[in-house]
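Right, one structure below, let's go through it.
The values are calculated or read from the model by the stated rules, or taken from the named source; none is laboratory data. Not measured: the values here are computed from a predicted model. Cβ placement follows ideal geometry from the backbone for every residue including glycine, while neighbour counts extend to all protein chains displayed.
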Amino acid sequence: MHIFEVIILGLVQGLTEFIPVSSSAHLRIVGEFLPSQTDPGATFTAITQLGTETAVLIYFWKKIVTVVSRWFGSLIGRVPRNDPDARMGWLIIIGTIPIAVLGVLLQDLIRDNFRSLWITAIVLIVFGILLGVADRYGRKRRGLDELTYPHGLAYGFAQALALVPGVSRSGATTTLGRALGYQRTAVAEYSFLLAVPAVFASGFFELYKSFDDGTGPYNLGETALATVIAFVVGYLVIAFLMQYLRRGSFLPFVIYRVVLGVVLIVLLVTGVIPAESTIVSG
């Protein structure tokens, strides 16, 4: 049993999923320092994200129910098509298309090549700097009611970059949103809502496949424990982040990303940890 390891990984997933530092990168890095010294793998990562995304469902439940009901209402003419919540439904659908298409086309790269820690280190630094610049110089005036369809699609391509560990789903969408002039809380909320379809689709797909292929180094019960822990911790992080962004900037996360990337490069150069992933079956 790997109870200690999955508890740690569940905590890491919950702590890092919603802040712009890349949960998949942290799971990949932390895995090298656990007793088994193995990459948890893309399957384990996707399944545990079901826990954190369930936290999004609960935290934004009223908003999500409203968006879904108003979107369906607009299809049958009971709600005007220009209704803000109905539009949000379309924006989420449009924004989900890029990651759905690229996730299928790049599946082999996601599982293998993209998990090199050299790539992780570089994108942690590069996208950290981009986030800092966007947060500092973005116009910061737009709210979600001003989100356009082209911007919604652009958010979708930004989200798709998170297929590479180290980019961060929230980091990429936040960087784009700040560059386009959206307020911090607006960027965070849309990032959370946009992730719901993609994360659940990916998570349930990987869960289905795990019954035949396994979940990586941990069995299904251990993965379920990590998922539950990620849910609890993730909910608390969402509550903290939405309060923090009303007055704070993304600078602490920018500094953390750059420092982590530099430390990771040092560890790779000195041979403390290997660059390529090692995944064993549970």
Determine which member of the set Val228, Val263, Val232 is without any contact (Cβ under 8 Å) to a residue 24 or more places away in the chain, within 22 Å of Leu9 (Cα to Cα) and surrounded by fewer than 21 Cβ atoms within 10 Å (Cβ to Cβ). Val263
Please go through segment 127-164 and pick out each residue that is of a type in the set (Ser, Thr, Tyr) and outside any helix (DSSP H, G or I). Thr148
Looking at (1) within 18 Å of the chain's Cα centre (by Cα); (2) assigned to a helix (DSSP H, G or I), which is the only condition Val167 fails? (2)
Taking the conditions exactly as written (surrounded by 24 or more Cβ atoms within 10 Å (Cβ to Cβ), modelled with pLDDT of 90 or more and closer than 30 Å to Val164 by Cβ), does Thr16 satisfy them or not? yes
Report whether or not Ala25 is in contact with a Lys or Arg (Cβ under 6 Å, 6 or more places away or on another chain), within 24 Å of Val123 (Cβ to Cβ) and crowded, with 19+ Cβ neighbours inside 10 Å. no
Mind listing whichever residues of segment 220-279 are under 19 Å from Glu5 (Cα atoms) and within 19 Å of the chain's Cα centre (by Cα)? Thr223, Ala224, Ala226, Thr227, Val228, Ile229, Ala230, Phe231, Val232, Val233, Gly234
Those residues of segment 58-74 which are in contact with a Phe, Trp or Tyr (Cβ under 9 Å, 6 or more places away or on another chain), in a helix (DSSP H, G or I) and closer than 18 Å to Gly234 by Cβ, in sequence order: Ile58, Tyr59
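Looking for whichever is in contact with a strand residue (DSSP E or B) (Cβ under 7 Å, 6 or more places away or on another chain) and of a type in the set (Ser, Thr, Tyr) here; the options are Tyr149, Tyr182, Tyr155, Tyr190. Which one fits? Write out each step before concluding.
Values: Tyr149 fails: in contact with a strand residue (DSSP E or B) (Cβ under 7 Å, 6 or more places away or on another chain); Tyr155 fails: in contact with a strand residue (DSSP E or B) (Cβ under 7 Å, 6 or more places away or on another chain); Tyr190 fails: in contact with a strand residue (DSSP E or B) (Cβ under 7 Å, 6 or more places away or on another chain).
Unique residue meeting the criteria: Tyr182.
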Taking the residues in segment 243-254 that are touching a residue at least 60 places away in the same chain (Cβ under 8 Å) and not small (Gly, Ala, Ser) as candidates, determine which candidate is surrounded by the most Cβ atoms within 10 Å (Cβ to Cβ). Phe250
If I go through segment 31-58 residue by residue, how many of them are within 17 Å of the chain's Cα centre (by Cα) and crowded, with 17+ Cβ neighbours inside 10 Å? 17
